[in-house]
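A short write-up of the structure that comes next.
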Number of protein chains: 2
Amino acid sequence: MKIALDAMGGDAAPETPVAGAVRAARELPVDIVLVGQQEAIEQSLASYGQRPSNLSILHAPEVIGMEESPVASVRKKRDSSINVGVELLRDRKVDAFVSAGNTGAVVSASTLLVGLLPGIERPGIAIILPGVKGDTLLIDVGANIDPKPLHLLQYALMGEAYARCVLGRSRPTVGLLNVGEEETKGTDFMKETYGMLEGSGVNFVGNVEGHDIFTGEFDVIVCDGFAGNVAIKTAESLAHAINVLLKRSLKMSPITRLGAWLARDAFKQLRKEVDYAEQGGAPLLGVDGVSIIAHGASTGKAIKNAIRVAYDSVRRELNKNMVDAINLYSQHARS
Amino acid sequence: MKIALDAMGGDAAPETPVAGAVRAARELPVDIVLVGQQEAIEQSLASYGQRPSNLSILHAPEVIGMEESPVASVRKKRDSSINVGVELLRDRKVDAFVSAGNTGAVVSASTLLVGLLPGIERPGIAIILPGVKGDTLLIDVGANIDPKPLHLLQYALMGEAYARCVLGRSRPTVGLLNVGEEETKGTDFMKETYGMLEGSGVNFVGNVEGHDIFTGEFDVIVCDGFAGNVAIKTAESLAHAINVLLKRSLKMSPITRLGAWLARDAFKQLRKEVDYAEQGGAPLLGVDGVSIIAHGASTGKAIKNAIRVAYDSVRRELNKNMVDAINLYSQHARS
């Protein structure tokens, strides 16, 4: 198996992508291709001693910045690490592509260059969120901010397939993110989507609310990309605020400082449980190839875990399973 | 000043509304009317010794449950505590109405029975969220889940007026909740709203993201009620999850347990900082009368604080200020 990694993507590129690639090359039975500015990558690699034999570099001189316009930059910067990496995926020279770079550019390049799986109308970004009772897959968190009900139905089918083959859930529950639990809640768009999900064959458990995202009670939660994007960024913002406020209040006296020091393993444990780096990457589902988006602030460990997500998706034949699910639905809908 | 309180609203009614009313009656120079089932209220009141002279009861035999359909229940249950309380507001027998009951029913009753301020098309629920650098007002969090750009413009004007007169901000900043910062981001709906906000006369600082909700960097953030509802419920869910996971991990060893005990004042401080009960109530802005919605899980303290929000809104002539802001905009838009 061969996985291409965008070495220029993320807030601290190429250092953290290189760090993640070295870890992944040591831990996983895959060949990793670092795509980006050769000289900068070589420099970062120098500090790791002998280069693992399953790690190579493919030079790509251009870089798409985190704030650049996605579609325009993908069209103009043909030699960017994102374009070159996604072209490897298109040409089947690699099995998967991983990037912590400009999310919109990865979505655009993957959609425009690789194309979508047969029957899929729009790709969706799925994110695995930690919860009290376990993880929940939330799809879509921003690839498609103005979706049609059919898109959400397809997200349900793809998310369900992901939860089954990659996360190993036996009969994943699927909820629809809405503003209330009753079937009659929400906009006309939500009501129409509800009706389609009821007849979709997935284990649809009805509407869920923002309340339900971090409980871990549901395997898959489907949402429109606008609300999903707001939800995950709000959650990230709150987690940060709690972290800052807790650190501040733990410094209030020598006693609380001592308490914090004694309890440090518990904080470490909590951080591990809620840390996105443990999940690593958000799969862009629906693309005819495995494309994984990592957080811009990814650490080397997060990059390594994103590569693992790619590895698992390829190994478990995720895309074949998703296509089967879509076909099964189409047959079912026709009959 | 006279404030009506829905004694039957919330998860632990009438106990907590009564507890909040007793505290408010002692702390604030207002007359409080407890609206609800007289006998149950009397029973709850009995445990507080002598009843404050500024506390009275108005019997309302019916109760609208938390899960009942809002519009239908408001139409059918004429003698419910929500209807009777809102009628007091309509007839100017009280200056404000406060309820921790069925949010949709409070919105419906306030809109149908009291009506809206001149020029206002839709009411919006504003919520005050704690942040690292201070509080942020988020409007709308669920009164209007399928708004028009004009509604969001009016939320901006009303939210700005609230931040000025009730929160005491001198020139409040107003952001638009979107999926990216650039002007070109988001749906057509968002782009149109952006254009209207630019010409609105408020101190519009452009698009903000979910990331910005808990920083306290912005005084007012305007959003559609669907995304706003998802955002606050997601935040509540995450706060709960972090609380559960932290408590669990603090129990991992005798050392961490000791640490947690020593640091208990810091946790108390944090809880105080992020607790919605400190804010108390979410004003339903746009109604021709002060209507405050408290969380269903409100404690007595939260109810008392919601009554204080009502008290401040009346005292600072919030509605007059909002009408002035709307009129100023209309003149400005015409010229």
Among (1) free of Cβ contacts under 8 Å to residues at least 12 places away in the same chain; (2) within 8 Å of chain B (Cβ to nearest Cβ); (3) in a loop (DSSP other than H, G, I, E, B); (4) of a type outside the set (D, E, K, R), there is one condition residue A:170 misses while meeting the rest; what is its number? (2)
Top-ranked residue in the range B:173-206 [being touching a Lys or Arg at 6+ places or on another chain (Cβ under 9 Å) and free of Cβ contacts under 8 Å to residues at least 12 places away in the same chain; ranked as farthest from residue B:224 (Cα to Cα)]: B:184
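State yes or no: is residue A:243 among the polar types (S, T, N, Q), part of a helix (DSSP H, G or I) and not assigned by TED's automatic domain parsing to the domain that holds residue A:92? I'd like the intermediate steps shown before the answer.
Details: among the polar types (S, T, N, Q): yes; part of a helix (DSSP H, G or I): yes; not assigned by TED's automatic domain parsing to the domain that holds residue A:92: yes.
So residue A:243 passes the test.
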Of all residues in the range A:233-248, count the ones that are under 20 Å from residue A:177 (Cα atoms) and more than 7 Å from every other protein chain (Cβ to nearest Cβ). 0
Can you find a residue in the range B:202-211 that is within 22 Å of residue B:298 (Cα to Cα) and not β-branched (Val, Ile, Thr)? no
Going residue by residue through the range B:143-155, is there one that turns out to be within 14 Å of another protein chain (Cβ to nearest Cβ) and in contact with a Pro (Cβ under 7 Å, 6 or more places away or on another chain)? yes
Across the range A:134-151, what is the number of residues that are buried (at least 23 other Cβ atoms within 10 Å of the Cβ), aliphatic (A, V, I, L, M) and in contact with a Phe, Trp or Tyr (Cβ under 9 Å, 6 or more places away or on another chain)? 2
Do we have any residue at all in the range B:210-227 that's at positive phi, assigned to a loop (DSSP other than H, G, I, E, B), more than 7 Å from chain A (Cβ to nearest Cβ) and at pLDDT below 95? yes
Restricting attention to the range A:249-260, and to residues there that are more than 7 Å from chain B (Cβ to nearest Cβ) and either part of a helix (DSSP H, G or I) or touching a residue at least 40 places away in the same chain (Cβ under 8 Å) (or both), which single residue is farthest from residue A:129 (Cα to Cα)? A:254
When the range A:188-209 is checked residue by residue, the ones that are among the β-branched types (Val, Ile, Thr) and either within 19 Å of the chain's Cα centre (by Cα) or away from chain B (no Cβ under 13 Å) (or both) are A:202, A:205
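Mind listing whichever residues of the range B:4-53 are under 22 Å from residue B:101 (Cα atoms) and either surrounded by fewer than 17 Cβ atoms within 10 Å (Cβ to Cβ) or of a type in the set (D, E, K, R) (or both)?
Step one: filter the range B:4-53 for residues under 22 Å from residue B:101 (Cα atoms), giving B:4-25, B:30-45.
Hits for the range B:4-53 are B:6, B:11, B:12, B:15, B:23, B:31, B:38, B:39, B:40, B:42, B:43.
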Taking the range A:47-83 as the search range and keeping residues that are over 20 Å from residue A:11 (Cα atoms) and among the small types (Gly, Ala, Ser), which one is modelled with the highest pLDDT? A:56
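Looking only at residues in the range B:262-300 that are within 14 Å of chain A (Cβ to nearest Cβ) and among the hydrophobic types (A, V, I, L, M, F, W, C), which one is farthest from the chain's Cα centre (by Cα)? Before the answer, list the steps.
The first filter runs over the range B:262-300 and keeps only residues within 14 Å of chain A (Cβ to nearest Cβ), leaving B:262-276, B:278, B:295-297.
Filter once more, keeping what is among the hydrophobic types (A, V, I, L, M, F, W, C): B:262-263, B:266-267, B:270, B:274, B:297.
Values: B:262: 35, B:263: 32, B:266: 27, B:267: 25, B:270: 21, B:274: 15, B:297: 13 Å.
The residue in question is B:262.
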I'd like the full set of residues that are surrounded by fewer than 16 Cβ atoms within 10 Å (Cβ to Cβ) and more than 20 Å from residue A:68 (Cα to Cα), limited to the range B:165-187. B:168, B:170, B:171
Check off (1) without any contact (Cβ under 8 Å) to a residue 12 or more places away in the chain; (2) over 23 Å from residue A:146 (Cβ atoms); (3) assigned to a helix (DSSP H, G or I) for residue A:304 and give me the number that stays unchecked. (1)
Selection from the range B:243-282 of residues crowded, with 19+ Cβ neighbours inside 10 Å and out of contact with any helix residue (DSSP H, G or I) (no Cβ under 6 Å at 6 or more places or on another chain) yields B:267, B:274, B:276, B:279, B:282
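Rundown of residues vs (1) in contact (Cβ under 8 Å) with a residue 40 or more places away in the chain; (2) touching a helix residue (DSSP H, G or I) at 6+ places or on another chain (Cβ under 6 Å); (3) closer than 21 Å to residue B:302 by Cα; (4) outside any helix (DSSP H, G or I), yes/no style:
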residue	(1), (2), (3), (4)
B:17	yes, yes, yes, no
B:20	yes, yes, yes, no
B:23	yes, yes, yes, no
B:35	yes, yes, yes, yes
B:66	yes, no, yes, yes
B:73	no, yes, no, no
B:89	yes, yes, no, no
B:93	yes, no, no, yes
B:113	no, yes, no, no
Check whether at least one residue in the range A:87-100 is modelled with pLDDT of 95 or more, closer than 30 Å to residue B:241 by Cβ and within 14 Å of chain B (Cβ to nearest Cβ), and report yes or no. no
Can you report the number of residues in the range B:290-308 which are surrounded by fewer than 24 Cβ atoms within 10 Å (Cβ to Cβ) and either of a type in the set (Val, Ile, Thr) or not assigned by TED's automatic domain parsing to the domain that holds residue B:89 (or both)? 1
(1) outside the structural domain of residue B:20 (by TED's automatic domain parsing); (2) touching a residue at least 24 places away in the same chain (Cβ under 8 Å); (3) basic (Lys, Arg): which one isn't true of residue B:271, the others all being true? (2)
I'm checking my understanding of the structure. Among residues of the range A:210-235 that are under 20 Å from the mean Cα position of the chain (by Cα) and free of Cβ contacts under 8 Å to residues at least 24 places away in the same chain, which one is farthest from residue B:228 (Cα to Cα)? A:233
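Among the residues of the range B:77-96, which ones are surrounded by 14 or more Cβ atoms within 10 Å (Cβ to Cβ) and over 16 Å from residue B:18 (Cα atoms)? Spell out the reasoning first.
Here is the first cut: in the range B:77-96, the ones surrounded by 14 or more Cβ atoms within 10 Å (Cβ to Cβ) are B:77, B:80-90, B:94-96.
B:77, B:80, B:83, B:84, B:86, B:87, B:88, B:89, B:90, B:94, B:95, B:96, listed by residue number.
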Filter result (in a loop (DSSP other than H, G, I, E, B) and under 16 Å from residue B:190 (Cα atoms)) within the range B:131-167: B:140, B:144, B:145, B:146, B:147, B:148
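The values are calculated or read from the model by the stated rules, or taken from the named source; none is laboratory data. Computed from a prediction, not measured in an experiment: that's the story for all the values here. Here Cβ is always computed from backbone atoms with ideal geometry, including for glycine, and neighbour counts include all displayed protein chains.
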